[in-house]
Amino acid sequence: MSQTTRKEVLTKLRRRYVHAGREHKRKLLNQAVELLGYHRKAAIRALRTSEREPVPFSITGRPLTYEPERLLPWLRPIWQATDYACGRRLKAMLPEWIPAYEEHDRRLPGEVKDQLLRASGRTLDRLLQPLRLQGAGRSLTRPGTLLRHQIPIRGSVWEEGKAGWLEVDTVALCGGSTAGEFVWMLDAVDYATTWVEVRALWGRGQAATLEALQDLEARLPFPLLGLDSDNGGEFLNYHVLRWLQQRPRPVFMTRSRPHKKDDNAHIEQKNWTHVRQHFGYERHDNPEVVPLLNALAKGPYGQLLNYFHASFKLDHKQYDRGRIQRVYGPPLTPWARVLASDQVSAQTKQRLRADKARLNPFALQRVVQRSLQQIATRRRARPGGGR
């Protein structure tokens, strides 16, 4: 018996049951048990229940304020330009990115603009939930034992409240195969300000790594105080150590514990957000892409990361009933943290303000995308120009 038929039979029995006498009710109950398979007590409850008029469907709760169909067409391009920032970071960036989007592309409707600026980080996360993607990575650290006993493991020697203490690492653009020569990306992040510098290397030799570190230091807006790396041989060598120590004020060098990625947690995170998300996992085995990568990293790409991309930074830890709770400060750009640092000179801060006033993040993003396409084309070409 179909569900529709069951409902029709029950309706007829119920109507007759209301006005029936005791003997006739007993017969109606027997019919309900036999036809519908009810237990006798269940049949009594079913037949005693009066028919209910259908109630029109109504939505309960608070009225819908943020409509995805209306906000997502405007929010999507801004979110994509921010490299898919999380809701809390995006909320801190929108007051600056929305005017830049209107200047570079088109103006937002007034009500849409007000709602995006008023939305909380969690609301933005809910709006963007259907659009999110995830990825994965790999590591190719080759241990260097030459100076391992001379370079201390990072501990309490770092003055973590000061700008100038860098974590560094290298990322292989090998396409899954370490055979032959290919491009490596040198990634560096300042612990206090989250200022990021990225450089491309052909191979991972000691001389090439030292040259990239020297170029990286020259573009920092603060003096280099300390350098922390993993146990890779490109960092643990006499070339790098001599360069750090033979100066009026030596730079302190430390290393992480072997096989402990958490010791370099800040740079490991940047390896994904600042290298893999843009340069991918494809094999870059054409040395002609190295100058293109470095021009991009020192120009539009570096400006976009440091001037316009906000990030979180751990403020302190607190213990509650045996559990550690991490409390983060408000999301800020590396540029804002550098301006708030006492280790940065007033002249440098003035230069950084002037540099940012001339930039538009959407224009930078367009240049970055165009440059990445050129790099991809050159990467697939053979050295010397032919395919």
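The values are calculated or read from the model by the stated rules, or taken from the named source; none is laboratory data. Predicted, not measured: the structure shown is a model, and the values here were computed from it. Cβ atoms come from the backbone with ideal geometry, glycine included; neighbour counts cover every protein chain shown. For accessibility, only protein heavy atoms count, side chains too; no ligands or nucleic acids. Shrake-Rupley method; radii C 1.70, N 1.55, O 1.52, S 1.80 Å.
Within the range 238-249, is even one residue touching a Lys or Arg at 6+ places or on another chain (Cβ under 8 Å) and more than 21 Å from S341 (Cβ to Cβ)? Within the range 238-249, not a single residue is touching a Lys or Arg at 6+ places or on another chain (Cβ under 8 Å) and more than 21 Å from S341 (Cβ to Cβ).
Table: residues versus (1) aliphatic (A, V, I, L, M); (2) within 14 Å of the chain's Cα centre (by Cα); (3) surrounded by fewer than 16 Cβ atoms within 10 Å (Cβ to Cβ); (4) modelled with pLDDT of 90 or more.
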residue	(1), (2), (3), (4)
Y84	no, yes, yes, no
L90	yes, yes, no, yes
P95	no, no, yes, yes
P99	no, no, yes, yes
Q129	no, yes, yes, no
R132	no, yes, yes, no
G135	no, yes, yes, no
S139	no, no, yes, no
Q150	no, no, yes, no
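Contact map, the range 32-43: first residue within 15 Å of R14 (Cα to Cα) and without any contact (Cβ under 8 Å) to a residue 12 or more places away in the chain, second residue of a type outside the set (S, T, N, Q) and open to solvent by less than 60 Å² (accessible area, probe 1.4 Å), Cβ cut-off under 6 Å, separation 6 or more or different chains; pairs are V33/A43; Y38/A32; R40/V33. For the range 244-265, filtered to residues that are at pLDDT 80 or above and open to solvent by 50 Å² or more (accessible area, probe 1.4 Å), the residue that is nearest to the chain's Cα centre (by Cα) is F252. With respect to (1) within 25 Å of the chain's Cα centre (by Cα); (2) farther than 29 Å from T170 by Cβ, the lone exception for T333 is condition (2).
Taking the criterion of being touching a helix residue (DSSP H, G or I) at 6+ places or on another chain (Cβ under 6 Å) and β-branched (V, I, T), the only residue of the range 279-297 that qualifies is V289.
Report, by residue number, each residue of the range 63-118 that is farther than 22 Å from Q365 by Cβ and among the small types (G, A, S). Spell out how you get there, then give the answer.
Step one: of the range 63-118, the residues farther than 22 Å from Q365 by Cβ are 63-70, 109-111, 114-115, 118.
G110 - this is the single residue of the range 63-118 that is farther than 22 Å from Q365 by Cβ and among the small types (G, A, S).
The set of residues from the range 185-207 being open to solvent by 20 Å² or more (accessible area, probe 1.4 Å), in contact with a Leu (Cβ under 8 Å, 6 or more places away or on another chain) and either among the charged types (D, E, K, R) or at pLDDT 90 or above (or both) is empty.
Please work out if E111 is open to solvent by 70 Å² or more (accessible area, probe 1.4 Å), modelled with pLDDT of 85 or more and either acidic (D, E) or closer than 28 Å to P330 by Cβ (or both). So E111 fits the description; yes. Apart from one condition, Q350 fits all of (1) open to solvent by less than 60 Å² (accessible area, probe 1.4 Å); (2) more than 30 Å from E181 (Cα to Cα); the exception is (1).
Listed by first and then second residue, the pairs with beta-carbon distance under 6 Å, at least 6 apart or on different chains, first residue in the range 57-85 and farther than 12 Å from L116 by Cα, second at pLDDT 75 or above and open to solvent by less than 80 Å² (accessible area, probe 1.4 Å), are A81/F362; A81/Q365; T82/M93.
Taking S229 as the residue in question, decide whether it is surrounded by fewer than 21 Cβ atoms within 10 Å (Cβ to Cβ) and either under 26 Å from the mean Cα position of the chain (by Cα) or among the small types (G, A, S) (or both).
Details: surrounded by fewer than 21 Cβ atoms within 10 Å (Cβ to Cβ): no; either under 26 Å from the mean Cα position of the chain (by Cα) or among the small types (G, A, S) (or both): yes.
Taking the combined requirement at face value, the residue does not satisfy it.
In the range 336-360, the residues that are under 11 Å from P221 (Cα atoms) form Cβ pairs under 7 Å with partners that are β-branched (V, I, T) and not in a loop (DSSP other than H, G, I, E, B), at six or more places apart or across chains, as follows: V344/V338; L352/V338.
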